[in-house]
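Here the structure is laid out as structure tokens; the discussion comes afterwards.
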Amino acid sequence: MAPSTIDRELDELLSLGDAVLRMALDRGGKGMIAECVLRSGAELSAKVRKGEPELVEEAGTRSAGLRVIQDRRVASTSTSDLTEAGIERFVADAIELVGLSQEDAFAGPADPARLCDPSRAPDLQLYDPAGGAVDAARAIVLAREGEAAAFAFDPRISNSEGATFGRTAGGGAVVLSSGFRATYKGSYQSLSVVPMAADEGGKNRRGYHWTASRHLADLDPPGEVGREAARRTLRKLGARTVPTCEVPVVFDPDAARALLGMLAGCVMGSSIWRKASYLVGREGTRVASDLVSVIDDPLIPRAPGSRPFDGEGLASRRNVVVEKGILRTYLCDSYSARKLGRESTASASRGGGAGVGPSTSNFVLQPGSDSNDAIVRGTPRGLYVTEMMGFGFNAVTGDFSRGAAGFWIDNGAIAYPVSEVTVSLNVDLLWKSIDAVGSDLDLRTATAAPTIRVAKMTVAGGSGGGAS
């Protein structure tokens, strides 16, 4: 989608948003507050397996969401029918629903005095027209090139679950009766390769590697992605379990990101007021080791979670969530902030139905100074985790236990691949037990972490294995 095309589309959405608001305010009567969000975008996904196209999907979307507030009652509706008749029904439904809703003393829009000036919003370089210009034929070429590189890397790569290139591009408009009126646009593209190799006993070992970015030119070359995917697959050959033990556990960036994602859910204002987090009442106290600082930063140029303003029209801001192990703030939208007796941290996101809730932007565990190799060398004996399976986490108690796979570390070196084990430890103790943080941070995803090491965790495996 060329810039001129998407900009024209956004102008049309903005005008439609104005019309929706006028209709809602006219029909809603005295005291009505209306908020409209409209979105338009296009997606493409092309999968190749063993050199042949297996799936090509392309879709365009255009939708609107409306939230109305009246006498502390709230209702939200959405539609993909943007015809005149569709908009009429959509607005009428919202007006009817708000009359049936229960009052909520904390309901209401963001403080109008805190709304940002969209004309002064920073250019975060979130949209790349080149990505939107990738058609199905080109996507197949890129996916095929990545998979071919994996097959060519080593003859032991005997099969494949395929390679997939995907891209999305589009934007939207936000129009609020409190005066905020703005558009936004963004793009994102990715390439993943998933080769397989036969192991002893007829097992197939699957590895993968991927690259992703808002800008097409920032993607890793397909050949590099395929070769790294092959390397990661081959190093799994000969995997075994280990006896149950308590040892240091090193989490690579992908596995560490999963841990950070659990923490993100626990610092949401909505989780705090619902008392659905082990971090209730913990602001200003130690929740992690001195090595741990976590920032939520929506202002990083080209990053996947960046945004110039939040879902309620507040100017985006950098929030220090954990500072050297001390919990500094929860992330709140206006509603959860009112429930907790504080101000919003400009952390609101707005769904397709215009409903509002707190969310992270770029939620990042700040990197340390040690390389991944240095952390492994500094671990005499332990487990190096590259994958976690299942979901074993209780956000209220902090109890954590998940299936894992990776490698055994012996004398500071990778000894052999490990599978079919479980790692467990209460996450409160887990974060406090981190004794190494790597320098290998990669912002391919909005939640991102470098390599970390936990001083001791329970690793539960089989009765054999040789982890002595």
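Every number here is computed from the coordinates shown, using simple stated rules; none is lab data. None of the values given here were measured: they were computed from a predicted structure. Glycine gets a Cβ as well: all are built from the backbone with ideal geometry, and neighbour counts include every protein chain shown.
Points worth noting:
- Taking the C-alpha atoms of region 3-228, convex hull volume expressed per residue in Å³: 177 Å³
- Across region 187-201, computed HN-Hα scalar couplings (Karplus, 6.51 cos²θ - 1.76 cosθ + 1.60, θ = phi - 60°) run 8, 7, 9, 8, 9, 10, 10, 10, x, 9, 9, 7, 10, 4, x Hz from first to last residue, x flagging Gly and Pro.
- Within-12-Å neighbourhood charge of Val287 [Cβ basis; K, R +1; D, E -1]: +1
- The magnitude of the dipole of region 261-364, with charges of +1 and -1 set on the Cβ of Lys/Arg and Asp/Glu and taken from the Cα centre, is near 160 debye.
- Here the 3J(HN,Hα) profile of region 270-280, calculated from phi with Karplus coefficients 6.51, -1.76 and 1.60 at θ = phi - 60°, is 5, 6, 6, 5, 7, 6, 10, 8, 6, 9, 4 Hz, Gly and Pro shown as x.
- Peptides 184-192, 82-90, 330-338, 166-174 ranked from most to least packed, by the mean per-residue count of other Cβ atoms within 10 Å: 330-338, 166-174, 184-192, 82-90.
- Net +/- balance of residues flanking Arg227 in space, Cβ distance below 15 Å, scoring K and R +1, D and E -1: -1
- Assuming charge only on the beta carbon of Lys and Arg (+1) and of Asp and Glu (-1), the dipole of the chain about its Cα centre is about 900 debye to the nearest 20.
- For the set Lys432/Lys456; Lys275/Lys324; Lys236/Lys432, the pairs lying more than 20 angstrom apart at their alpha carbons are Lys275/Lys324; Lys236/Lys432.
- In the distance distribution for region 261-364, Cα-Cα pairs more than 22 Å apart total 25 percent.
- Listed peptides 294-304, 33-43 by packing density, highest first (mean Cβ within 10 Å): 33-43, 294-304
- Bins of 10 Å from zero: percent of alpha-carbon pairs in region 295-442: 10, 27, 33, 21, 8, 1
- Measuring between their Cα centroids, region 381-455 and region 7-24 lie 47 Å from each other.
- Between the Cα long axis of helix 3-28 and the first principal axis of the chain there is an angle of about 50°, rounded to the nearest 10.
- Of all lysines in the structure, the ones whose alpha carbon falls short of 30 Å from that of Lys185, not counting any fewer than 8 places away in one chain, are Lys47.
- Between helix 84-100 and the chain: long-axis angle, C-alpha atoms, 0 to 90°, nearest 10: 90 degrees
- Positive-end residue, region 375-468 charge dipole about Cα centroid, Cβ charges, pick of Met388, Leu441, Gly378: Gly378
- Test item: Cα-centred dipole of region 3-228, Lys/Arg +1 and Asp/Glu -1 on Cβ, debye: 240 debye
- Surrounding net charge for Ser336, when Lys and Arg each add one and Asp and Glu each subtract one, Cβ distance under 13 Å: 0
- Crossing angle, helix 136-153 versus the chain [Cα axis fit, 0-90 degrees, rounded to tens]: 20 degrees
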